[in-house]
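Since every read-out is calculated from the coordinates, none of them should be taken as a lab result. What you see is a predicted model; the values in this text were computed from it and never measured. Here Cβ is always computed from backbone atoms with ideal geometry, including for glycine, and neighbour counts include all displayed protein chains.
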């Protein structure tokens with residue numbers, strides 16, 4: 001059975017204390033986004049309910065230092081947000097992003113929906129809706 005490059009990358013990244021140093025993958029993502037949906041007990045027992053990105057961010061090399069922040073030679077943090085209403089950024093910015101997010105969205109783009117009549121709060125174009 002042939003093993004693909006993708007399978008090798010996944011194997012390397014899923015091992016908690018193993019990195020192959022001749023490999024320089026670029027991994028993009030946000031460790032604070034939704035975790036994977038895992039239905040397999042085997043996967044759950046092996047820690048796969050936590051995303052690969054979050055597992056990497058817990059390692060010493062990628063961990064955020066409370067005084068100095070992230071190592072800039074390893075982590076590039078995207079701080080400018082061009083699509084969200086400023087009110088929607090407040091909570092995650094405070095609790096997850098250390099108040100480093102910047103709202104750069106044009107008022108026109110984030111206020112497109114503010115005149116919708118069924119909004120719970122007029123001129124506040126955010127709706128939290130339950131989905132089963």
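Pulled fully out, how much extra length does the chain show between residue 54 and residue 124, if you take 0.36 nm times their separation in residues and subtract their Cα-Cα distance? If you can, show how the numbers build up before the last one.
Values: separation 70, 0.36 × 70 = 25.20 nm, distance 3.21 nm.
Between residue 54 and residue 124, full extension yields an extra 22.0 nm.
Ordered by packing density, taken as the mean number of other Cβ atoms within 10 Å over each peptide's residues, highest first, how do 39-51, 118-130 rank?
The packing order, highest mean first, is 39-51, 118-130.
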